[in-house]
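Colleague: Sharing a structure, written as structure tokens. Questions coming.
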Amino acid sequence: MTVTSQLLELFRVDKQVRGLRSRLDVAESFLTQQTSLLDGMSTRAAAIESQAKHLRAEAANAEGEAKRLDAKIAGLREQMNSAKTAKEYNAFLTELGTFKDQKDVHESDALAAMSRIEEQDKELATIRTQITERQAIAAQAKTDRDAKEAEIRERLAELTKQRATLAKAIPAEALVAFEQLVKSRGDEAMASVEVIDRRAYEYSCAACFMTLPVETVSSIVSGKLTRCVSCHCILYTEEEIVRPKSAAKG
């Protein structure tokens, strides 16, 4: 068996593996996407909860300051009632005005913080609803992924074992070249030789459709590892699949 024939066997096993894994990869990709969205929502919810916690602390501090100033204002009013001179009364009045201004600021701060908390509570409720919905989607995506994985597990194990056996028999240099082609070209890493006109010795590469020189075809037939001069895929021929595309010339 030629190296090309060995690579062709390996190539066909790889195609089966890729075919099986493609269905799993789609399910895996969808699960990853849903998990990522869920993580993002959870992170956002945690951030909102943290912000709301700080805002509640700010509101509590502001309310506490407002109550403290309210107590001072009440005390000043009692002192004003016992003021003995107009100067003393006016001093108390000025201080009272300052305390009232400060109290108004703290009350405004508390109201602003509570307003922001209300907005964040609404956003948090919305995100929690979205999280619940997304968790259901992610759970179903995991179930689907697991089902597809179980479905192909046995066959994939067989093909993996078969591939390892085939790969061992292939020369290292040829195997490396083949695997690099598969990585870059996928299912077009190898291509058959298409017969355009057998009598006129006209052939083409099934991958890129470029005409192949007779010398290239002869090299393949002789068993040499041969690559298309145009797309660089590994070429092969098999009698059962080589058929003229047009009637032979007379």
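The values are calculated or read from the model by the stated rules, or taken from the named source; none is laboratory data. Remember, predicted model here, so these are calculated numbers, not experimental data. Reconstructed Cβ throughout: ideal geometry from the backbone, glycine too, with neighbour counts over all protein chains shown. In case anyone asks, the SASA skips ligands and DNA or RNA and just uses the protein heavy atoms, side chains included. Shrake-Rupley method; radii C 1.70, N 1.55, O 1.52, S 1.80 Å.
Colleague: Which of the listed residues, Asn90, Gly75, Gln102, is farthest toward the dipole's positive end in the range 70-110, when Lys, Arg count +1 and Asp, Glu count -1 at the beta-carbon?
Modeller: Towards the positive end, the residue furthest out is Asn90.
Colleague: Here's a follow-up. Round to the nearest 10 and report in Å² the accessible area of Asp109, as given by a 1.4 Å probe over the protein chains' heavy atoms.
Modeller: 80
Colleague: While we're on this one: Taking the convex hull of the Cα atoms, report for the range 9-148 its projected area averaged over all directions, in nm².
Modeller: Projected over every direction and averaged, the Cα hull of the range 9-148 covers 11.9 nm².
Colleague: To continue, here is another question. Quick one: ranking His106, His54 by accessible area, 1.4 Å probe, largest first, what do you get?
Modeller: His54, His106
Colleague: Separate question: Tell me the Rg and the Dmax, in Å, that the Cα atoms of the range 101-180 produce.
Modeller: Every Cα atom of the range 101-180 included, Rg and Dmax give 29.9, 90 Å.
Colleague: Let me spell out the model: positive unit charges on the Cβ of Lys and Arg, negative unit charges on the Cβ of Asp and Glu, origin at the Cα centre of the chain. What dipole size does that give, in debye rounded to 20? Mind showing how you got there, number by number?
Modeller: Details: 37 positive and 39 negative charges, 115 e Å.
Charge dipole of the chain: 560 debye, to the nearest 20.
Colleague: Right, here's the next one. Of all the Cα-Cα pairs you can form in the range 115-250, what percent are over 17 Å apart?
Modeller: Tail of P(r) above 17 Å: 74 percent of Cα pairs.
Colleague: Starting from the Cα of Ile137, move 7 Å in the Cα-to-Cβ direction to define the label point; list residues of the range 36-56 whose amide nitrogen is under 15 Å from there.
Modeller: 36-42, by backbone N distance to the label point.
Colleague: Cα atoms only, the range 72-113: Rg and Dmax in Å?
Modeller: Rg, Dmax (Cα atoms, Å): 12.7, 42.
Colleague: Sticking with this one: Rounded to the nearest 500, what is the 222 nm mean residue ellipticity of the chain from helices alone, with -39500 (n - 2.57) per DSSP H run of 4+ residues and division by all residues?
Modeller: -27500 deg cm²/dmol
Colleague: Hey, another quick one. With a 1.4 Å probe and all protein chains kept in place, how much accessible area does Cys208 have, in Å² rounded to the nearest 10?
Modeller: Its heavy atoms expose roughly 40 Å² to the probe.
Colleague: Sticking with this structure for a sec: Got a sec? What order do Tyr236, Tyr89 fall in by accessible area at 1.4 Å, biggest, i.e. largest, first?
Modeller: Putting Tyr236, Tyr89 in descending order of accessible area: Tyr89, Tyr236.
Colleague: What share of all Cα pairs of the chain, in percent, falls into each consecutive 10 Å distance bin?
Modeller: In order of increasing distance, the bins hold 6, 17, 14, 12, 10, 9, 8, 7, 6, 5, 4, 2, 0, 0 percent.
Colleague: Related question: Sorted by accessible area (1.4 Å probe), largest first, how do Thr2, Thr94 line up?
Modeller: Thr94, Thr2
Colleague: Something else now. Need one value: the accessible area of Met114 in square angstrom, 1.4 angstrom probe, rounded to the nearest 10.
Modeller: Surface open to solvent at Met114 totals about 90 Å².
Colleague: Then there is this: What base-10 log of the normalised intensity I(q)/I(0) is obtained for the range 50-131 from the Debye formula, alpha carbons as equal point scatterers, at q = 0.18, 0.21 Å⁻¹?
Modeller: Each listed q maps to, in turn, -0.76, -0.88.
Colleague: Here is a follow-up. When 1/r is averaged over all different Cα pairs and the result inverted, which Kirkwood radius in Å belongs to the range 137-176? Please report the intermediate quantities before stating the final value.
Modeller: On the way: mean 1/r = 0.0812 Å⁻¹.
Averaging 1/r across every pair of different Cα atoms and inverting gives 12.3 Å.
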